[in-house]
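One structure is given below, encoded as structure tokens.
The values are calculated or read from the model by the stated rules, or taken from the named source; none is laboratory data. Small disclaimer: the values here were computed from a predicted structure and weren't measured. Every residue, glycine as well, gets a Cβ built from its backbone with ideal geometry; the counts of neighbours run over all protein chains shown. These area figures cover heavy atoms from the full protein model, side chains too; ligands, DNA and RNA do not enter into them. Shrake-Rupley method; radii C 1.70, N 1.55, O 1.52, S 1.80 Å.
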Amino acid sequence: MRVLELMTWRAESSSKAPKREIRFLPALMSIHTQVWRAVFGRPADAIEKSVENEDEYMIIDNDPLPERHISVPRDMSQLSCSSFTAGIVEAVLDGLGFPARVTAHNTPTQQYPSRTTILIKLEKSVLEREEIVK
């Protein structure tokens, strides 16, 4: 929530007419670029929409900062240190008025062994509001 507040203050000070996103996709793009840059110093690597469920979106980070600096014990191999990042995304979405359940999943590839997918599952109310706004 504080990251969202900081971004709002910065937008208001640099713009004569700051705006608050009321559509989900522009808000998600803002998280992908601005929030990620404010928290981690660079934008996330990708955004994807689920082909199976229309209420699911994913933010992909090939080299997440928390994963670089935290060692996970072998007996806790399912622990994703990027759950911290998922909490940030969930709080920002909630603050913008897009309630969702956000989880972090390790999705390693040959090229990116610490690749993480932040899965965003929107509540039905968000999808209904998006249909009305269209």
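Taking only the C-alpha atoms of the chain, Rg followed by Dmax gives 15.6, 53 Å.
Mean-square fluctuations from a GNM of the chain, with a 10 angstrom spring cutoff on Cα atoms, peak among Glu123, Glu67, Glu54 at Glu54.
Label point of Glu123 set 7 angstrom out along Cα-Cβ; within the range 92-107, amide nitrogens under 14 Å from it belong to 92-102. Taking the Cα centre of each part, how many Å lie between the range 114-129 and the range 25-72? For the range 114-129 versus the range 25-72, the Cα centre distance is 11 Å. For the chain, the longest principal axis of the Cα atoms and the long axis of helix 2-14 meet at an angle of about 50 degrees. Gain on full extension, evaluated as 0.36 nm per residue between Glu54 and Arg74 minus their Cα-Cα distance, stands at 3.7 nm. Take the Cα of Glu131, step 7 Å toward its Cβ, do the same at Ile22, and the gap between the two points is 1.9 nm. Surface composition of the range 19-114: carbon plus sulfur atoms contribute 52% of the solvent-accessible area (1.4 Å probe, protein chains only, all chains present). The three principal axes of the C-alpha atoms in the range 27-94 carry coordinate ranges of 35, 30, 22 Å, sorted with the longest axis first.
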